[in-house]
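**Q** Here it is, the structure, as structure tokens.
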Amino acid sequence: MLKELLQNIRKDFIIEFRSRYALSVSLSFAGVSTLGIGLATAGRPLAPGVHAVLFWLIMFFSAMNGLLHIFTREEEQGTSLFLRITTAPEKVYLSKLIFNILMFLSLQLLITPLYLFFLQVEVRSLLFFLLLVPAGGLALASASTILAAIVAKSGGKGALFTVISFPLVLPLLWVAMTATGQALERPDYFDGRNLLFLLAFSGSLVAVSYLLFPYVWMEE
Amino acid sequence: MTEDSFSIRADSLAKRFYRTGIFRGISFRLERGEALALTGPNGSGKSTLLEIIAGLQRQSAGSLEMAWGGRVLGRSEIFGFLGFMSPRMNLYGELNALEIIHFTSACRRGPEQRALDLLDELDLTRHGDKPVARYSSGMRQRLKFLLAVFADPPLLLLDEPGSNLDRRGKDLVYGMIRRLMRDRIVIIAANEEEEMNLCGRRLALA
């Protein structure tokens, strides 16, 4: 089981390393958006709440643009049939989920300092913020993975992905934005319930996705 | 029935896409050492039937049962017992043959050394480290055949195994199929007479 999972993850990283699709798309989007916001505000300070909204919107669209590819690539290139005959559906799901989580957390490592530096944002509750960002990233990656599988199997494209993902990710974005606003504004702010919600959201979503994925993946 | 005997029984299989019927009333039984050629014009459902047997699609009606040593296999278990190739199935163009073999070998628990021997037999060893995207269609077809057979599955489902192959490639692949069909079940979706002649039985889809 573990060897198979590792081989699947390794395979996806080799393909990503050679094509650099998710990385290029997500980083380009984040870079252009951050630069655009910086130019539009012309150095004027924004309220912490506005920064929180902009920051998570950039994260959301970076995830939607980059992480979708993990499943649509399989359908577009006709490799999904090979994968279906080679690997059990549960292992396909888990490996793609782990790939998306690792990929998105790495992207957050690049996007977060970029946003904070270019827009000169001061984080007053640094520890809470540093825990909140990966917790939100984990939830976004979990949601993106199963939605990407659904969109890929329905023959849809990125636009459909963003539309159907919105109701699902709305609660997590709401919590992440509100908590980020507090972390930027209030010194020594720490609310474990927000972190718990994001982690529980990811956990529930992964559990349901794991059970449903074979039906999404195999049935035609 | 021996410990490792594999058998398939299909009764009145039918497939519809929405309201369009593809085929119906397909029945057959196969035991180890038997080979069946699925014949019929384009669009008659040969590839679809092969994918139903492989567990990749569900039939609209009828029953399909596969047994190993007398035990009926569940749908999720079937994959461990079959080798499959199809023109619809593409390999990862960014990976080279050795990487794909390594990946498949780990996932299907097939012996990697056997795959490397077959790579040599199919005259692909010198292309082993070349990305599959740079392979010719015939080379890709030979690699797909290798991946279908190297784990020694008791059931081989081959959709047009000779397509895109030159004469030498066909001789190599058909020769291997003849050898392999002695101790397993082989089902071939065939458009060419030469492929049909490999099998002892034929099933015509209208």
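**Q** Just to confirm my numbers, what's the Cα centroid distance between segment B:95-110 and segment B:36-83 in Å?
**A** Each part reduced to its Cα centre gives a spacing of 24 Å.
**Q** Shifting gears a bit: In Å², and per residue, what accessible area does segment A:2-217 have when probed at 1.4 Å with the other protein chains present? Before the final figure, lay out each step's value.
**A** Numbers: 9350 Å² over 216 residues.
Here the per-residue accessible area is 43 Å².
**Q** How about segment A:168-202: which chymotrypsin sites (Phe, Trp or Tyr not before Pro) there lie in a loop by DSSP and see at most 12 other Cβ atoms within 10 Å? Mind dumping the intermediate values first?
**A** Working: sites: A:174, A:189, A:190, A:197, A:201; in loops: A:189, A:190.
Here no chymotrypsin sites (Phe, Trp or Tyr not before Pro) fit, given the DSSP loop and packing criteria.
**Q** List the residues of segment A:173-220 whose accessible area drops by at least 20 Å² when all protein chains are present, compared with their chain alone, using a 1.4 Å probe and counting only protein heavy atoms.
**A** A:218, A:219, A:220
**Q** While we're looking at this one, here's another question. Could you pull out the chymotrypsin sites (Phe, Trp or Tyr not before Pro) across segment B:1-46 that fall in loop regions by DSSP (anything but H, G, I, E, B) with no more than 16 other Cβ atoms inside 10 Å? Mind dumping the intermediate values first?
**A** Numbers: sites: B:6, B:17, B:18, B:23, B:28; in loops: B:18.
Passing both the DSSP loop test and the Cβ count: B:18.
**Q** Classify segment A:20-66 from the C-alpha gyration tensor, please: rounded if a/c falls under 1.5, else prolate or oblate depending on whether a/b exceeds b/c. Before the final figure, lay out each step's value.
**A** Numbers: a/c = 4.46, a/b = 1.80, b/c = 2.47.
Because a/c hits 1.5 or more and a/b fails to exceed b/c, segment A:20-66 counts as oblate.
**Q** Here's something else I'd like to know. For residue A:200 and residue A:122, compute 0.36 nm times the residue count separating them, minus their Cα-Cα distance, and round to one decimal in nm. Intermediate values should be presented prior to the final figure.
**A** Details: separation 78, 0.36 × 78 = 28.08 nm, distance 2.83 nm.
25.2 nm is the gain from fully extending residue A:200 to residue A:122.
**Q** Another one. From a point 7 Å beyond the Cα of residue A:13 in the direction of its Cβ, which residues of segment A:88-124 have a backbone N at a distance under 20 Å?
**A** Counting only backbone N, you get A:91-111.
**Q** Let me ask another. Using a simple spin-label model with points 7 Å from Cα along the Cα→Cβ vector, what separation in nm is obtained for residue B:113 and residue A:28?
**A** The answer from the label model is 4.8 nm.
**Q** Please state the relative contact order of segment A:2-217 as a whole percent: Cα pairs under 8 Å, 6+ residues apart?
**A** Working: 242 pairs, mean separation 64.3, N = 216.
Worked out over segment A:2-217, it gives 30 percent.
**Q** Using a 1.4 Å probe on the protein chains only, how many percent of the accessible area of segment A:2-217 belongs to carbon and sulfur? Please list the in-between numbers first.
**A** On the way: 6720 of 9350 Å².
In segment A:2-217, the share of accessible area belonging to carbon and sulfur is 72 percent.
**Q** Starting from the Cα gyration tensor of segment B:20-94, take the square roots of the eigenvalues, sort them a ≥ b ≥ c, and report rounded, prolate or oblate (rounded when a/c is under 1.5, otherwise prolate if a/b is larger than b/c, else oblate). Don't skip to the end; give the middle numbers.
**A** Numbers: a/c = 1.57, a/b = 1.09, b/c = 1.44.
Since a/c reaches 1.5 but b/c is at least a/b, the shape of segment B:20-94 is classed as oblate.
**Q** Ordering B:183, B:129, A:12, A:188 from largest to smallest accessible area (1.4 angstrom probe), what's the sequence? Intermediate results must be reported in sequence, preceding the final value.
**A** On the way: B:183 70, B:129 115, A:12 0, A:188 145 Å².
Result of the area sort, largest leading: A:188, B:129, B:183, A:12.
The values are calculated or read from the model by the stated rules, or taken from the named source; none is laboratory data. These numbers were taken from a predicted model, which means no experiment stands behind them. Glycine also receives a Cβ, built like all others from the backbone with ideal geometry; neighbour counts cover every protein chain displayed. Side chains are part of the model used for accessible areas, which takes the heavy atoms of the whole protein and leaves out ligands, DNA and RNA. Shrake-Rupley method; radii C 1.70, N 1.55, O 1.52, S 1.80 Å.
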